[in-house]
Amino acid sequence: MTEEMPHPGHDKHLCHLQYNGYMNQNFDDFKKLVMNPQYICRKCGRAANQASSLCQPEKL
């Protein structure tokens, strides 16, 4: 069964990755996504270096 995504690209967003355990299983890769953040998500408050890693990115 495929998990339904709330919007296109959500499977690559930090909130989805963290919820599914990606951070714990791939900590070094997860750190690369959040290192030197340039954007913050208006929905969940996470910060990332690329807008494409967030649901509702806003430039910091």
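Kirkwood Rh, Cα Rg: Rg to Rh for region 1-48? Checking Rg against Rh, the ratio lands at 0.98.
Here the chain has 50 percent of its accessible surface on carbon and sulfur atoms, given a 1.4 Å probe and all protein chains in place. Report summary: the helix-based calculation at 222 nm, which adds -39500 (n - 2.57) for every DSSP H run with n ≥ 4 and divides by the residues of the chain, gives -7000 deg cm²/dmol. Extension gain for residue 5 to residue 26 (0.36 nm times residue separation, less C-alpha to C-alpha distance): 5.4 nm. Solvent exposure of the chain, expressed per residue, is 74 Å² of accessible area, with all protein chains present and a 1.4 angstrom probe. Charges were assigned to the Cβ only: +1 to each Lys and Arg, -1 to each Asp and Glu. The resulting dipole of the chain about its Cα centre is roughly 300 debye.
Projecting the Cα atoms of 53, 10, 36 onto the charge dipole of the chain, computed from C-beta unit charges around the Cα centre, puts 36 farthest toward the positive end.
The values are calculated or read from the model by the stated rules, or taken from the named source; none is laboratory data. From a predicted model like this one, the values you see are computed outputs, not experimental measurements. Reconstructed Cβ throughout: ideal geometry from the backbone, glycine too, with neighbour counts over all protein chains shown. Areas reflect the complete protein model, heavy atoms only, side chains present, ligands, DNA and RNA absent. Shrake-Rupley method; radii C 1.70, N 1.55, O 1.52, S 1.80 Å.
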